[in-house]
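Novice: Starting off with a structure, shown below.
The values are calculated or read from the model by the stated rules, or taken from the named source; none is laboratory data. Everything quoted here is computed from the prediction, not taken from an experiment. FYI the Cβ positions are ideal-geometry reconstructions off the backbone, even for glycines, and counts take in every protein chain you see. Areas reflect the complete protein model, heavy atoms only, side chains present, ligands, DNA and RNA absent. Shrake-Rupley method; radii C 1.70, N 1.55, O 1.52, S 1.80 Å.
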Amino acid sequence: MTISKKTSAAPYLGPPPIAGPPYATNKGVRKPQIPDQQRNALTLFIVLVVTLSAELFVFNLAHWRTISHDNVSVGAASLGSGLRQSDTPGVYTITDADNAWIDFPVTTPDRQKPLLDSIRIVPPDDTQHDEIPPTTHYQLSTRNEAGDWVNISYSAWRNQLTENLAYCADSPATQYMLVPNRTTDAIRISFTDGVGATVPISSIAPNVTVPLTICWQRILAILLIAALVLMFRPASPLYAVTVDLRNVRQRIGIIVNVSVLCLLFVALCCISGDITHAYASRSYNATFSHWTDLNQYQQLADAFLHGRLNLDLPVDPQLAAMDNPYDFYQRQQLGESGATIFWDHAFYDGKYCVYFGALPALILFAPFQALTGHWLPSPVAVMVFGVIFICAISALLTTLCATRFRGRIPYGTLLLSVNLTVLGCGIVYYGFQPDFYAIPFISSLAFTALGLLLWCTARTSSGKLSTARIIGGSAFIACNLGCRPQFLVACLLAFPLFWNEIVHTRELFSRQSIGRTVGAFVPFAIAAIPWMAYNAARFGSPFDVGSAYNLTGYDATRLRPALIAFPAMLFIQLFQPPMVNTEFPFVHAINNAIPVPCEPSLGGYFVIVPFAALGFLLVALRQRLKAIHVFGLAVILATTATLMVLFDIGLAGTTNRYHGDFAWLCMLLAVVVLYALETRHGPSAYDGPTVARTVFRTVLLAMLLWSLFIYVTGCFSPERYDPLIDLNPNLYYTVKSWFLGFYAI
């Protein structure tokens, strides 16, 4: 039998060998290596020590600052004339905002003025009744030597925006504040919630030791951050192996990572309020003098079930009689005079309609109402689409590794790219504010990811091109017609994804493949017909979705942002630095005062998600991208992302909510560039973490942590629309109390 010296082998898809000798050599010197078990045990010990230290000493700093202090006695309290005692002991009503205060004389056992270091507001024992508000705002003052009252709220809790303090009657952690170096004989609590507000306060407790608390939520957050650092540190063993989907441990790792992301997203959707019921149907917005109704999708589903295309909302005769109902200032005057006009609804031909895509109402809200008789809460719909998106985009990136990059991507790079992409597509914004505004974006993200996933897996393991998957991918992407039509740009990605099948193998766009080619276009035609008929029935044109008839802060039928404002708008949307400081919540939304439609912003997209800027290396890496046949894909992603940015700011202005229209394109481009940089060409390509590789992966990890910091702390920004301080004040002030020890001066 003759053995040929030249053999042909299939491309290497498995992980490189990582087992090595017990000793590593360096210039002839053999140094003993720490066994893996000992290294893992040491790492675990360090993580536990850091976690416990942060929990006991960082987040409990206020406890350690107040363990030693003067003993203080509190005398009989005196009420200002602006407070009236209610029938419940310890509960008052404000009748005069200027005199709504309670004075507490304080003294030491030897009748001296005490040196204060802390104060606790003590609410009445029975706080579980409807009288008690979720939050009580107040100011803190002490009496000086001259007998004057000095407001010390700023020094008690530093806040550049307001001197008001706040506590929640059912959250003990929020009832403490530090006021060191204040010598006084009396303390005044002045309440600032306005006439008619209820005030729950039984007494105060000066110079008390802030309790040492162990919070499992904090510990979990620290452990999650530690897990990210350990997983994606430059020397992580996850980078030592390439992606191999035949490896059971790798598949389990991907599933665990996706499951954690889904659980975190579901938890995020729950923090801004109760999701067990739909939002309150109507509320008056005094700023715009309009009424808001956040149940647009519920109202639309109800309309479909009752055979209507318009919403069952009362139309005020004064609105119907207006020559131009889209004139905001005239509508505002009518609203101030008592007219009921609904904000952010399409108003056409004397009827209210929804200009957002109606598909979610058809496939989620209407079936839920038909089966249960109740409205589906919007946060639940956001959860459903968000979980689908997370699973689909994770599968898409995994598929890219296994197909386009032939399994030559480090396993750690795949997991890192999944986490960066999920975070960078803007779903934190939609999960935090899971109302009807988020539904078109999050549903289109889900359908687009599903469609691209089917297209990328159209080549089956047998080598054949699956017609069913091509048609299914087109069908999912065509669903964007009923959600967020801007996402239809995903159609253009079909050309680079199927370039080989179109140009070389001729399995598409050829006489022999006419059935498969037509099948790829049929879903778009089928989807377009009902939506065009739906538009024509409501607004008289198959191409009019009704966004111009929106009752908003300007006349959308006539006004468009001026071209001269485009540079400023591009800067705000893409490159504006966030407002970061050392005071909770550390990141504050910026209200940009430019004469175009805009909302408070956490920052420009490429500043919030710096990983997306990796796509700017497209031109510099064009030869490498061409060598692995993804340059065309990268060019289409870059082009469509640019078009989406320009389209959004030209049509509707700037807001972080619109990041979702182009963020997924930017993230896919950045991932393609990342994979091109990390591609290996065989098992011998890995030689350990070089200096360049170490720096690069350290930067990637820093980018992940930065985006996480901006998005998470940005959820607590009181300047954003529908801030957490209003939606869930108990959570806001409880988290704020974690940093109490840092804010007293």
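Novice: Please find, among Ala346, Ala370, the residue that is farther than 20 Å from Phe432 by Cα, of a type in the set (A, V, I, L, M, F, W, C) and buried (at least 18 other Cβ atoms within 10 Å of the Cβ).
Specialist: Details: Ala370 fails: buried (at least 18 other Cβ atoms within 10 Å of the Cβ).
The unique qualifying residue is Ala346.
Novice: Which of (1) outside any helix (DSSP H, G or I); (2) under 21 Å from Leu396 (Cβ atoms); (3) in contact with a helix residue (DSSP H, G or I) (Cβ under 6 Å, 6 or more places away or on another chain) is the odd one out, the single condition Leu625 does not satisfy?
Specialist: Result: Leu625 passes all but (1).
Novice: Provide a single number: the residues in region 202-222 that are part of a helix (DSSP H, G or I), touching a helix residue (DSSP H, G or I) at 6+ places or on another chain (Cβ under 6 Å) and either open to solvent by 60 Å² or more (accessible area, probe 1.4 Å) or under 30 Å from Asp98 (Cα atoms) (or both).
Specialist: 0
Novice: Could you please let me know if Val256 is open to solvent by 20 Å² or more (accessible area, probe 1.4 Å), more than 30 Å from Leu371 (Cα to Cα) and without any contact (Cβ under 8 Å) to a residue 60 or more places away in the chain?
Specialist: yes
Novice: For region 661-672, does any single residue satisfy the condition of being β-branched (Val, Ile, Thr) and open to solvent by 20 Å² or more (accessible area, probe 1.4 Å)?
Specialist: no
Novice: Using beta carbons and a limit of 6 Å, which pairs, at least six apart or on different chains, have the first residue in region 51-62 and buried (at least 18 other Cβ atoms within 10 Å of the Cβ) and the second one assigned to a loop (DSSP other than H, G, I, E, B)?
Specialist: Listed pairs, sorted by first residue: Phe59/Trp738; Asn60/Leu212; Ala62/Val210.
Novice: Looking only at residues in region 636-682 that are outside any helix (DSSP H, G or I) and closer than 30 Å to Pro234 by Cα, which one is nearest to the chain's Cα centre (by Cα)?
Specialist: If we filter region 636-682 for residues that are outside any helix (DSSP H, G or I), which is where we start, we get 653-655, 679-682.
From what is left, the residues that are closer than 30 Å to Pro234 by Cα are 679-682.
Numbers: Thr679: 31, Arg680: 34, His681: 37, Gly682: 39 Å.
So the residue we want is Thr679.
Novice: How many residues does region 53-105 contain that are aliphatic (A, V, I, L, M), under 30 Å from Trp216 (Cα atoms) and part of a loop (DSSP other than H, G, I, E, B)?
Specialist: 1
Novice: Out of all the residues in region 295-313, is one or more touching a Gly at 6+ places or on another chain (Cβ under 8 Å), more than 22 Å from Leu559 (Cβ to Cβ) and in a loop (DSSP other than H, G, I, E, B)?
Specialist: Taking every residue of region 295-313 in turn, none turns out to be touching a Gly at 6+ places or on another chain (Cβ under 8 Å), more than 22 Å from Leu559 (Cβ to Cβ) and in a loop (DSSP other than H, G, I, E, B).
Novice: Cβ-Cβ under 6 Å, sequence separation 6+ or interchain: first residue in region 515-536 and surrounded by fewer than 16 Cβ atoms within 10 Å (Cβ to Cβ), partner not in a helix (DSSP H, G or I). Which pairs?
Specialist: Qualifying pairs under 6 Å: Met532/Pro542; Ala536/Pro542.
Novice: Please go through region 434-454 and give me each residue that is over 16 Å from Phe389 (Cβ atoms) and not charged (D, E, K, R), ordered by number.
Specialist: If the condition is that a residue be over 16 Å from Phe389 (Cβ atoms) and not charged (D, E, K, R), then Phe436, Tyr437 are the ones that fit.
Novice: Test Val382 against the criterion of being over 30 Å from Pro234 (Cβ atoms) and buried (at least 24 other Cβ atoms within 10 Å of the Cβ), and give yes or no.
Specialist: yes
Novice: Among the residues of region 712-730 satisfying the criterion of being part of a helix (DSSP H, G or I), out of contact with any Gly (no Cβ under 9 Å at 6 or more places or on another chain) and at pLDDT 90 or above, which is farthest from Leu140 (Cα to Cα)?
Specialist: Val712
Novice: Still on this model: When residues of region 273-293 are filtered for being modelled with pLDDT of 75 or more, in a loop (DSSP other than H, G, I, E, B) and open to solvent by less than 40 Å² (accessible area, probe 1.4 Å), how many remain?
Specialist: Result for region 273-293: 2.
Novice: Give the residues of region 416-438 that are open to solvent by 10 Å² or more (accessible area, probe 1.4 Å) and over 12 Å from Val671 (Cα atoms), sorted by residue number.
Specialist: Leu423, Val428, Tyr429, Gln433, Tyr437
Novice: Moving on. Answer with yes or no whether Ala593 is farther than 23 Å from Cys666 by Cα, in contact with a helix residue (DSSP H, G or I) (Cβ under 7 Å, 6 or more places away or on another chain) and of a type outside the set (Val, Ile, Thr).
Specialist: Criteria not met by Ala593.
Novice: Something else about it: Only one of Pro600, Pro595 is open to solvent by less than 20 Å² (accessible area, probe 1.4 Å) and modelled with pLDDT under 95; which?
Specialist: The unique qualifying residue is Pro600.
Here's the yes/no breakdown for (1) over 22 Å from Leu488 (Cα atoms); (2) over 26 Å from the mean Cα position of the chain (by Cα); (3) among the small types (Gly, Ala, Ser); (4) at pLDDT 95 or above:
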position	(1), (2), (3), (4)
Gly373	yes, yes, yes, no
Val384	no, no, no, yes
Ile409	yes, yes, no, no
Val418	yes, no, no, yes
Gly426	no, no, yes, no
Phe436	no, no, no, no
Ser443	no, no, yes, yes
Leu465	yes, yes, no, no
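Novice: Given the residues Leu450, Leu454, which is the only one that is closer than 26 Å to Gly426 by Cα, free of Cβ contacts under 8 Å to residues at least 24 places away in the same chain and crowded, with 22+ Cβ neighbours inside 10 Å? First the steps, then the outcome.
Specialist: Details: Leu450 fails: free of Cβ contacts under 8 Å to residues at least 24 places away in the same chain.
Criteria check complete, one pass: Leu454.
Novice: Out of region 207-228, which residues are of a type outside the set (A, V, I, L, M) and within 18 Å of Ser171 (Cα to Cα)?
Specialist: Matches in region 207-228: Thr209, Pro211, Thr213, Cys215, Trp216, Gln217, Arg218.
Novice: If you don't mind, another one. What are the residues in region 562-591 that are over 21 Å from the mean Cα position of the chain (by Cα) and open to solvent by less than 10 Å² (accessible area, probe 1.4 Å), if any?
Specialist: Scanning region 562-591 gives a single hit, Met569.
Novice: Which of the following residues is over 30 Å from Gly426 (Cβ atoms), modelled with pLDDT under 90 and open to solvent by less than 20 Å² (accessible area, probe 1.4 Å): Val199, Val179?
Specialist: Within the list Val199, Val179, the selection yields Val179.
Novice: Quick one: in region 225-249, which of the residues that are part of a helix (DSSP H, G or I) and either of a type in the set (Gly, Ala, Ser) or without any contact (Cβ under 8 Å) to a residue 12 or more places away in the chain (or both) is most open to solvent (accessible area, probe 1.4 Å)?
Specialist: So the residue we want is Arg249.
Novice: May I pose another question? Determine which member of the set Thr413, Thr403, Thr399 is crowded, with 22+ Cβ neighbours inside 10 Å, among the polar types (S, T, N, Q) and over 27 Å from Phe288 (Cβ atoms).
Specialist: The conditions single out Thr413.
Novice: Which residue pairs have Cβ atoms closer than 7 Å, lie 6 or more positions apart in sequence or on different chains, and pair a first residue in region 311-330 that is over 21 Å from Val354 (Cβ atoms) and among the aromatic types (Phe, Trp, Tyr) with a second residue that is assigned to a loop (DSSP other than H, G, I, E, B) and open to solvent by 50 Å² or more (accessible area, probe 1.4 Å)?
Specialist: Pairs found: none.
Novice: Now for a different question. Consider region 548-559. How many of its residues are open to solvent by less than 50 Å² (accessible area, probe 1.4 Å) and either more than 11 Å from Asp327 (Cβ to Cβ) or modelled with pLDDT under 85 (or both)?
Specialist: 7
Novice: Among the numbered conditions (1) assigned to a helix (DSSP H, G or I); (2) within 29 Å of His290 (Cβ to Cβ); (3) in contact (Cβ under 8 Å) with a residue 12 or more places away in the chain, tell me where Asn592 comes up short.
Specialist: Asn592 satisfies all of (1) assigned to a helix (DSSP H, G or I); (2) within 29 Å of His290 (Cβ to Cβ); (3) in contact (Cβ under 8 Å) with a residue 12 or more places away in the chain except (1).
Novice: Right, Cys483: under 16 Å from Met667 (Cα atoms), surrounded by 22 or more Cβ atoms within 10 Å (Cβ to Cβ) and in contact with a helix residue (DSSP H, G or I) (Cβ under 6 Å, 6 or more places away or on another chain) or not?
Specialist: The answer is no for Cys483.
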